[in-house]
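Participant: I'd like to ask you about the structure that follows.
Readers should treat all values here as calculations from the given coordinates under stated rules, not as data from a laboratory. All values reported here derive from a predicted model rather than from experimental measurement. Positions of Cβ are backbone-derived with ideal geometry, glycine not excepted, and every protein chain shown enters the neighbour counts.
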Amino acid sequence: MAAAGVVAEPKTKYDRQLRIWGDQGQAALEKASICLLNCGPTGTEALKNLVLGGIGSVTVVDGSKVEASDLGNNFLLDEGCLGQPRAKSICSFLQELNDAVKAKFVEETPATLIDTNPSFFSQFTVVIATQLPESSLLKLDDICRKADIVLVAARSYGLTGLVRVSVKEHSVIESKPDHFLDDLRLHNPWAELKQFAKSIDISDKDPVVHKHTPYIVILVRLAEKWADSHDGNLPSTRQEKREFKDLIRAHMLNVDEENYKEAVESSYKVSVTPGISNEIRQIIDDNSAEVDSSSSDFWILVAALKEFVANEGNGELPLEGTIPDMTSLTEYYVSLQKIYQAKAEADCLAMEHRVKDILKRIGRHPDSISRAYIKTFCKNARKLRVCRYRSIEEEFSSPIVSEVQRYFTDEDYSYAMNFYILLRAVDRLSANYNRLPGIFDSEIDEDIPRLKTVATSVLSEMGLSGASLSEDLITEICRFGGAEIHTVAAFIGGVASQEVIKLVTKQFVPLRGTFIFNGIDLRSQVLEL
């Protein structure tokens, strides 16, 4: 019994999050190794969330000693930490939050470590870089890309902040979109589904049977009836869709038949365009789907998917195999579940054979990709996503001028763009004067025109010559004085940790651009630059 209790403990501890990303996601977290650069409030908040979530190990890199100012914005520090290495103190408190997480520290300034020991970062799954100046961030991004390490840059600055993900490529199988059409194949039912639908008489006058015939059966039968009278075509125009709904209503015996109401509400599913979406088509036609022995498991499965669509799938992806809740007799619903599950299992088996064949062809062991992974891939084949990111150097040196201009002139995005440019200008000004603008009250009036001049230079480099920034925002940035306000740091750190979880678990789609938080108007936006 004691052994069973030990095994069950992590599931009890992480019960709520397991409902979101499951056992596989939690296992990935527990294997991950995270490096945090700078453990100010932004970095500490990010790491705190990951430690509570059960991340495998964390390494904190920070060369500072704890000062009195740290006690006002970093809740993991107290007066007893004054004068102690900040990284050591943070690690000690993090360990108290979750003793299952391994925590260690390196008392070194991140900039020095980046310059003198770039190979240090190759041991980590993700590097979280907080409050790094532009020069160090560019070097770190290059180091991480060469080592295929994920970089998450986060920064809070007064009432604004940003988060940016940087990695060559990130593939997502379980993207878990908020809204997605059920995979019922009512537009293209297979033989077993047709056969089951035909076994049920939708004209049966028995009120119990009629009121509890699943809407899937109703739609399959009536779609076939419609196609027979329309040259084999399903309803496509708005008028035809209205007429199809009228056909469904005409089969109702009473107005209170919920199953027929469900059929009317779901009638659009009959008119789904057959085949695969443009997004999935781009993935299976990607050059990476031409696999070899160095290809990742994801792209090998994509290659198998391409073959499946062209052969067993007859232009369709593997069936997901689940059906939604609906008004139905229990026996009908269970039968439908089994039909969908059997079809999904058959599709998965066909995919498994193709994966094994491909693995043999490229010289890998045919069982090197697990059946569980293949099954997860098949179940989520319609929701695959591939994210590719420009390097930070490319973003800065070769801006996409059309996008920059669009964001800058768009009323909804202009403030976010202003903050983005001003944060870059702050780094340049800091490099010239060895201090952040506005850090001394006596020099704010001098720093405002200095920052404006540097920001104008950044604007010009980004293809916005002649454009001007908000004078109010320039003044506000100087008034911020580089402060890490705890509430803003907590929010930015929370966003950063959320992105790390997405990247480590390979679930949900990470940010595709630079996330900008505007604490003045309480707005958040993503700039894809």
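Participant: Peptides 482-489, 114-121: what's the order by average Cβ count within 10 Å, highest mean first? Present the calculation step by step, with values, prior to reporting the outcome.
Facilitator: Details: 482-489: 20.1, 114-121: 15.0.
Top to bottom by mean Cβ count within 10 Å: 482-489, 114-121.
Participant: A further question follows. Which links in Lys168/Lys379; Lys198/Lys241; Lys245/Lys379; Lys306/Lys379 stretch past 19 Å when you go from one Cα to the other? Could the numbers behind the result be given before it?
Facilitator: Values: Lys168/Lys379 26 Å; Lys198/Lys241 23 Å; Lys245/Lys379 30 Å; Lys306/Lys379 15 Å.
Checking Cα-Cα distances, Lys168/Lys379; Lys198/Lys241; Lys245/Lys379 exceed 19 Å.
Participant: By the scheme Lys and Arg +1, Asp and Glu -1, what is the net charge of all other residues having a beta-carbon under 14 Å from that of Glu484? Walk me through the intermediate numbers first.
Facilitator: Details: positive: Arg86, Arg155; negative: Glu45, Asp62, Glu67, Asp70.
Computed value for this residue: -2.
Participant: Return P(r) of region 191-270 (all Cα-Cα pairs; 10 Å bins starting at 0; whole %; ordered from short to long distances).
Facilitator: 19, 54, 26, 2
Participant: Taking the Cα centre of region 191-270 as origin, work out the dipole magnitude from +1 charges on Lys and Arg Cβ and -1 charges on Asp and Glu Cβ, in debye rounded to 20. Present the calculation step by step, with values, prior to reporting the outcome.
Facilitator: Working: 13 positive and 15 negative charges, 37 e Å.
So the magnitude is around 180 debye.
Participant: Within the chain, which whole H helices from DSSP have a Cα span along their axis of at least 27 Å and a mean Kyte-Doolittle hydropathy of 0.5 or more, if any? If you can, show how the numbers build up before the last one.
Facilitator: Numbers: long enough: 330-361 (46 Å, -0.54); 414-433 (28 Å, 0.26); 486-505 (28 Å, 1.03).
Result, helices passing both filters: 486-505.
Participant: Counting only helical runs of four or more DSSP H residues, what would the 222 nm mean residue ellipticity of the chain come to if each run contributes -39,500 (n - 2.57) and the total is spread over all its residues? Before the final figure, lay out each step's value.
Facilitator: Working: 21 runs with 266 residues, N = 529.
So the calculated ellipticity at 222 nm is -16000 deg cm²/dmol.
Participant: Say each of Ser294 and Ala100 gets a label point 7 Å from the Cα, pointing the same way as Cα to Cβ; how far apart are those two points in nm?
Facilitator: The answer from the label model is 3.8 nm.
Participant: When the expected Rg is taken as 2.2 N^0.38 Å, what fraction or multiple of it is the alpha-carbon Rg of the chain?
Facilitator: Values: Rg = 28.3 Å, N = 529, 2.2 N^0.38 = 23.8 Å.
With N residues counted in the chain, Rg over 2.2 N^0.38 Å equals 1.19.
Participant: Using the charge dipole of the chain (Lys, Arg: +1 at Cβ; Asp, Glu: -1 at Cβ; taken about the Cα centre), state which of Tyr415, Leu317, Gln95 has its Cα farthest towards the positive end.
Facilitator: Farthest towards the positive end: Leu317.
Participant: Among the lysines, which have Cα under 27 Å from the Cα of Lys104 when same-chain residues fewer than 8 positions away are ignored?
Facilitator: Lys11, Lys13, Lys31, Lys48, Lys65, Lys88, Lys139, Lys146, Lys502, Lys506
Participant: Tally Lys and Arg at +1 and Asp and Glu at -1 over the other residues with C-beta under 12 Å from the C-beta of Ser89: what net charge comes out?
Facilitator: On the way: positive: Lys65, Arg86, Lys88; negative: Asp62, Glu67, Asp70, Asp78, Glu79, Glu96, Glu107.
With Lys, Arg at +1 and Asp, Glu at -1, the net is -4.
Participant: Cross-link candidates for Lys360: which lysines have Cα within less than 16 Å, leaving aside residues fewer than 8 places away along the same chain?
Facilitator: Here the lysines satisfying the reach criterion relative to Lys360 do not exist.
Participant: For region 123-210, state the average projected area of the convex hull of the C-alpha atoms over all orientations, rounded to one decimal in nm².
Facilitator: On the way: hull surface 51.6 nm².
It is 12.9 nm².
Participant: Kindly state, to the nearest 0.05, the FRET efficiency for Asp78 paired with Thr112, given R0 = 22 Å and r defined as their beta-carbon distance.
Facilitator: Working from the Cβ atoms, E equals 0.20.
Participant: To continue, here is another question. Check each of the chymotrypsin sites (Phe, Trp or Tyr not before Pro) in region 437-529 and keep only those in coil by DSSP with at most 14 other C-beta atoms within 10 angstrom; list them in order.
Facilitator: Working: sites: Phe440, Phe480, Phe491, Phe508, Phe515, Phe517; in loops: Phe440, Phe508.
Answer by residue number: Phe440.
Participant: Evaluate Rg over Rh across region 333-480, taking Cα atoms for both radii and Kirkwood's formula for Rh.
Facilitator: Numbers: Rg = 27.1 Å, Rh = 20.2 Å.
My calculation puts Rg/Rh at 1.34.
Participant: Extent of region 278-388 along each principal axis, from alpha carbon coordinates, in Å, largest to smallest?
Facilitator: On the principal axes, region 278-388 reaches 51, 29, 23 Å in Cα extent.
Participant: Still on this structure, please answer the following. Taking 22 Å as R0, compute the FRET efficiency from the Cβ-Cβ separation of Asp23 and Gln337 and round it to 0.05. Could the numbers behind the result be given before it?
Facilitator: Numbers: r = 23 Å, r/R0 = 1.04.
Calculated value: 0.45.
Participant: Where nothing but the Cβ of Lys and Arg (+1) and of Asp and Glu (-1) is charged, how large is the charge dipole of the chain around its Cα centre, in debye to the nearest 20? Don't skip to the end; give the middle numbers.
Facilitator: On the way: 60 positive and 77 negative charges, 255 e Å.
The dipole of the chain has a size of about 1220 debye.
Participant: What is the distance, in nm, between label points placed 7 Å from the Cα along the Cα-to-Cβ direction at Asp15 and at Leu181?
Facilitator: Roughly 3.9 nm, to one decimal.
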